[in-house]
Each structure stands twice: as structure tokens, then as C-alpha cells.
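Single-structure report; data block below.
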């Protein structure tokens, strides 16, 4: 590995979206940022979501012993080498010299088939995934505090713990919405508590961005109230004469939604007569009134928040889900080809897009949707285009994030 980090390669603005020279992959240690090396990766896929950790997958080909020696500087062959490897390193994804993402590598699995040379399969997560690996192991009470102040306090408390400071900053400001929260040592993680704090009625949105500040790159937990997103609108189309949409799909699933939501909490401490058994708190049913009035049947769903012992908080959770997932969950998926200088960027989650459809199923029309996630696949041997799959508001690609009953 190089003793010093080399300059990020530059590309002329007319570079087309072909070949794999557009991307570079830089590996560093998570905690101190120590540079370990650039590696050539294959079959790369990475995504980023609002209020959810994003994922990263890739393969490190090892066609020769010389390449293997370089790879071993980042992913050691010997398990006694503790200064690198899965759990220690992050990868920066550089697109035309610009940082498009940072992922904490959680798995690095060497393998070899009977027909090829060795390779290492990598998996990783965005840094909000790292926050879900650090448990909150002391009581943190908040009474009548702005929800963003609570967010900021949770991040600060995590980074005050030994060996957990990853340099994450939260921008200034408040939402004007106050909350009462008491967090205890019950096995919950900082990431879980932040997600639960955000996903309530009148909550907020957040994502982890890498932003340039005073000549350096800063890890920033960007928040937005009530939602993230800027004024820019991104245009994509599919029509008889082609377009940048390469594939689309729609799914409507009543099995993943409901018309009547409740939230079940924990059991509050007993007061007075110890012989009286306490029961878990339960919110009132929150109904999708418009759906029921239109003829929908009753479809129940009870979500579990075992750490919550405040009735109003449970009501906020039930009210949130009946708002975001009433009736059937509708999923629209669009895969688009990115140009050399696309308007879209992983730091622009929350922006809106306008989509033009004209085909055998869709009459010619425009539809506008909000982008809450991206999954990007750089050019590979299997695919000659750089593709981005748009995750649009209304999708529930991974459940509710809490227990279901």
C-alpha cells in the first residue's frame, strides 16, 4: 500500500458513462481515518436511504499474488493483524473524484471457485448502521425538549463513549416539536433510538452525508423537518423513442399495509399493590378513515415498541403508520441510466423527480414522486451502463423497522 494517500484522479467533463475508470474506491480506518489503499472492485452496488441504513456489496478480484499482497494491506490474511480488515475499515466511493458515499465494511469473505482465482466478497453499511451497533447503556431522560435537541444529545452521548467517536456532526437548528423521552439500558442501540425518535407523528427525517467543509470532508447527520429535500426536480422518461428509464415495476400489496393500526408498548412499573399484575400499554386504534369509507375491510396491524412506557408516544407511533402506510402499500420502482454529470446525487435524498411514461400500459402522462433512496450500480462486466434504482416515497422495502404482531 502507498505510504501516503495519492491524489484523487480527475476526469474530463465529457467522460461518457462507459468503462469502470469513472469510479475509485478508497479504504481508510473508521475511527482515525488512516489511509490504507485504493482497491479495484467488481460488481459494486451501494444504496442510501432516508431514516434507514444503506448497504454496500462488492467483490475484490485477486488475479495474482502481487495483487493479493496489496489487498492484504486492507484485509489482512492473518487474523492476528488487528489494524485493518472488516469491522475496522470504511470505503469511500469516489465518482469522478467526488465522494458519493462512505460505507463501514462489516464482512470480508475470501473465496475461490473451481474455475477462477480467489476473490473477497465485501458487505457494508452506512454510518447510521454503525450507530445501530453501539448500545445505549445508561439512562438518558429528556423532558419537554426539542426532538432535534434529543437527536443531537443521542449522537453526542454515543461519541462520548470509549472507542465510539466517529466524528459525526449534527447541523444546528431545531424543529419546534418537543418530546418527552427516557432511554434506559435495555439493550437498545443509539441507531434504534434515533430511528424511533424520527418515525412518529410530526417527526423528522435524517440521513448521513459526507460534505465538504473548510477543505476537508465531514461526516454529517443531516436532518430535515418535516422532511428532507431541496427545490431541485430531477427529470426521467420512458417513451416510444426511448429514454433514460431502463426498467420500471409497480406493486400494490394489501398484505403489507393495514386500515387499522395500534402500537403496543412496555409494562410500566407497578405502583401500590404489588399483587396486581401490570399489563403492557396499548395505543387506541388509529384508522384509515378514507379507505374504510370507500369500502375497504378492516385490516389490523399491531406494532411492538417494548421499550416505550408513555401512552402519548404510542399514540404518535400508531398515528404515524396510519398516515404513511394506509390500505395497500404501493411500490413504484424505476431504474434509470446515469449520464456523466447527472443532477442526482446521494446527498440529495428528499428531492422530487418528474417521470414521463408512455407505453402499452401507461397513457402518456407525467407523475411526480419524492426520492427517499437510491441504489447505484456502476458499470460492470454484466452491465454496460451505470444504473440507479430510485426508491420512492411510499415504499416499505424492509418492513416497519419494529416488531409486528
> Has the stretch 372-381 got at least one residue that is exposed (fewer than 15 other Cβ atoms within 10 Å of the Cβ) and in contact (Cβ under 8 Å) with a residue 12 or more places away in the chain?
Replying inline: yes
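Please count how many residues of the stretch 201-217 are over 18 Å from the mean Cα position of the chain (by Cα) and modelled with pLDDT of 90 or more.
1
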>> I'd like to know if the stretch 173-193 contains one or more residues that are buried (at least 19 other Cβ atoms within 10 Å of the Cβ) and out of contact with any strand residue (DSSP E or B) (no Cβ under 9 Å at 6 or more places or on another chain).
In response: yes
>> Being surrounded by fewer than 19 Cβ atoms within 10 Å (Cβ to Cβ) and under 14 Å from residue 389 (Cα atoms) is the filter here; which residues of the stretch 321-338 pass it?
In response: 331, 332, 333, 335, 337
> In the stretch 171-210, how many residues are part of a loop (DSSP other than H, G, I, E, B) and within 26 Å of residue 324 (Cα to Cα)?
Replying inline: 12
> How many residues are in a loop (DSSP other than H, G, I, E, B) and exposed (fewer than 14 other Cβ atoms within 10 Å of the Cβ) when one looks only at the stretch 211-226?
Replying inline: 3
>> Checking residue 148 against (1) touching a residue at least 60 places away in the same chain (Cβ under 8 Å); (2) in contact with a helix residue (DSSP H, G or I) (Cβ under 6 Å, 6 or more places away or on another chain); (3) farther than 29 Å from residue 341 by Cβ: exactly one of these is not met. Which one?
In response: (2)
> Can you name the residue in the stretch 158-172 that is touching a helix residue (DSSP H, G or I) at 6+ places or on another chain (Cβ under 7 Å) and free of Cβ contacts under 8 Å to residues at least 40 places away in the same chain and, of all such residues, is surrounded by the fewest Cβ atoms within 10 Å (Cβ to Cβ)?
Replying inline: 164
> Exactly one of (1) in the same structural domain as residue 279 (by TED's automatic domain parsing); (2) in contact (Cβ under 8 Å) with a residue 60 or more places away in the chain; (3) over 25 Å from the mean Cα position of the chain (by Cα); (4) surrounded by 18 or more Cβ atoms within 10 Å (Cβ to Cβ) is unmet by residue 310. Its number?
Replying inline: (4)
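Conditions tested, residue by residue: (1) at pLDDT below 90; (2) out of contact with any strand residue (DSSP E or B) (no Cβ under 6 Å at 6 or more places or on another chain).
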| site | (1), (2) |
| --- | --- |
| 333 | yes, no |
| 337 | no, no |
| 340 | yes, yes |
| 356 | no, no |
| 366 | no, no |
| 369 | no, no |
| 379 | yes, yes |
| 385 | yes, no |
>> Filter the stretch 118-145 down to the residues that are in a strand (DSSP E or B), in contact with a helix residue (DSSP H, G or I) (Cβ under 8 Å, 6 or more places away or on another chain) and surrounded by 21 or more Cβ atoms within 10 Å (Cβ to Cβ) and list them by number.
In response: 120
>> So, residue 317, is that one assigned by TED's automatic domain parsing to the domain that holds residue 375 and either within 22 Å of residue 202 (Cα to Cα) or in contact (Cβ under 8 Å) with a residue 24 or more places away in the chain (or both) or not?
In response: no
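Taking the stretch 256-279, which residues are at pLDDT below 90 and either in contact with a strand residue (DSSP E or B) (Cβ under 9 Å, 6 or more places away or on another chain) or on the phi > 0 side of the Ramachandran plot (or both)?
256, 272
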>> So, residue 309, is that one over 30 Å from residue 232 (Cβ atoms) and modelled with pLDDT under 95 or not?
In response: yes
> Restricting the search to the stretch 343-362, which residues are surrounded by fewer than 20 Cβ atoms within 10 Å (Cβ to Cβ) and more than 21 Å from the chain's Cα centre (by Cα)?
Replying inline: 354, 356, 357, 358, 359, 360, 361, 362
> Of all residues in the stretch 74-108, which are on the phi < 0 side of the Ramachandran plot, surrounded by fewer than 16 Cβ atoms within 10 Å (Cβ to Cβ) and in a loop (DSSP other than H, G, I, E, B)?
Replying inline: 77, 78, 79, 80, 81, 82, 83
> Right, residue 155: over 30 Å from residue 39 (Cβ atoms), within 19 Å of the chain's Cα centre (by Cα) and not assigned by TED's automatic domain parsing to the domain that holds residue 313 or not?
Replying inline: yes
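The values are calculated or read from the model by the stated rules, or taken from the named source; none is laboratory data. None of the values given here were measured: they were computed from a predicted structure. Neighbour counts are summed over all protein chains in view; Cβ atoms, including those assigned to glycine, are modelled from backbone coordinates with ideal geometry.
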